[in-house]
Amino acid sequence: MKVIVDTCIWSLAFRKRQQTNDVITQTLRDLITDGRVLLLGTVRQEILSGIKHREQFEKLRNNLQAFPNLLTDTEDYEIAA
């Protein structure tokens with residue numbers, strides 16, 4: 001099963017101090033290793049919007065390209081509601 005990883009999980013994983021987030025970070029790593037991670041375009045945007053330095057932005061943008069975007073339409077949001 002594929003998993004959509006939300007912005008808050010990515011943010012926790014990117015923090016330098018991860019001691020309190022080890023379980024979350026390890027779970028994300030496992031999902032990545034298993035090829036199960038999907039991104040919504042809005043999540044990709046939110047992650048990248050938080051990067052201030054161009055060099056870091058480009059590096060992260062390139063890394064995130066490994067994860068496919070899950071395409072959604074209006075009906076998906078209505079069903080989720």
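Bear in mind these aren't lab numbers, they're just calculated from the coordinates by the rules spelled out. Remember, predicted model here, so these are calculated numbers, not experimental data. Cβ coordinates were reconstructed from backbone atoms using ideal geometry, including for glycine residues, and neighbour counts include every protein chain displayed.
For beta carbons closer than 8 Å, sequence separation of 6+ or different chains, a first residue in segment 55-81 that is more than 20 Å from Lys2 (Cα to Cα) and a second that is in a helix (DSSP H, G or I), the qualifying pairs are Phe57/Leu48; Leu60/Ile47; Leu60/Leu48; Arg61/Leu48. Contact map, segment 34-48: first residue touching a residue at least 60 places away in the same chain (Cβ under 8 Å), second residue surrounded by fewer than 18 Cβ atoms within 10 Å (Cβ to Cβ) and in a helix (DSSP H, G or I), Cβ cut-off under 8 Å, separation 6 or more or different chains; the map is empty.
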